[in-house]
Amino acid sequence: MAEAYRRKNLTMLKPLFQSIVLLPMNDSELKQLLNERADFYNRPDFIPNDPIAIPHRFNQKEDIEIAGFFAAILAWGRRDLILKSCGKLLDLMQNAPLDFVMHASDAEIANLQKFVYRTFNGHDLVDFVLVLRRIYTTHGGLEAAFSTGTDTCERLAAFRILFATYAVQPHTLKHIADITTGSAEYVPAVDGAQRQQRRRFWPMETDIASGIIDSIGFALGRNGPKTGLTFPKGQRF
């Protein structure tokens, strides 16, 4: 079943990959391509097998923000493993993200150290939860934390600075990529977290982020400058 789903996804994405390889594209062609992919991913039946299913579990704004933030941070690799790991993370948070972030005891926080998904380990998770506690206590929550700046690039950079203010482990900060250094991996992660927060206005917006941006991420390093989606090495935002 999973293999059949994967093959179907790859078949659907083939035109997208071909379009990237056959660059350059003009604005009209790029707009048409992205609109076509948006129509494909902006469907309710795409939700269950995508990380967007994680914030869909909740109704309270802050729970959605926190669940979406972690889903975006962990959203690299196979979707079934992402969903499984997000489920384990939420179980450790007693399926009450905001309440856990704000009120978890020292023992409950320490219990997070058993978590691991790829390079994101339990110490990172502890740090993330404690940073989020400071953000919700001092800065009005994730939505406010992502609102500093006049455009997306400035907001992402400002959020990383804020996060770094409270992060304890140097390794933890590696999961919040620095867009000012030309890092491209911020797209499916931190930008995805912003999209998770806007899901009430366009429920499938994060599917487009994970389905389109994650899928072409492997090609951005070499082909991104041709589309204007990324900058050549040495150029900065």
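Residue 30 versus residue 137, label points 7 Å from Cα toward the beta carbon: distance in nm?
4.4
Can you tell me the FRET efficiency between residue 95 and residue 153 if r is taken as the Cβ-Cβ distance and R0 is 30 Å, rounded to the nearest 0.05? Before the final figure, lay out each step's value.
Details: r = 34 Å, r/R0 = 1.14.
The value I calculate is 0.30.
Would you mind ranking 86, 153 by Cβ crowding within 10 Å, fewest neighbours first?
Values: 86 22, 153 14.
The most exposed by this proxy come first: 153, 86.
Return the distance in nm (one decimal) between the two label points of a simple spin-label model at residue 49 and residue 78, each offset 7 Å from Cα along Cα→Cβ.
The answer from the label model is 1.3 nm.
Along its principal axes, what span do the Cα atoms of region 38-103 show, with the longest given first and each in whole Å?
In descending order, the Cα extents are 40, 23, 16 Å.
Could you tally the net charge around residue 90, taking each other residue with its Cβ under 15 Å from the Cβ of residue 90, Lys/Arg +1 and Asp/Glu -1?
Value of the local net charge: -2.
With label points built 7 Å along Cα→Cβ from the Cα atoms of residue 161 and residue 60, find their separation and express it in nm.
With each label point 7 Å from Cα toward Cβ, the separation is 3.2 nm.
Ranking 172, 137, 148 by Cβ neighbours within 10 Å, fewest first, what do you get? Don't skip to the answer; put the middle values down first.
On the way: 172 22, 137 11, 148 14.
Ranked by crowding around the Cβ, least crowded first: 137, 148, 172.
Where the centroid of each part is defined by its Cα atoms, how far is region 92-120 from region 161-176 in Å?
The two parts, judged by their Cα centres, are 17 Å apart.
Only the coordinates and a few stated rules stand behind these numbers; no lab work does. These numbers were taken from a predicted model, which means no experiment stands behind them. Note that we place each Cβ from the backbone using ideal geometry, even for glycine, and neighbour counts take in every protein chain shown.
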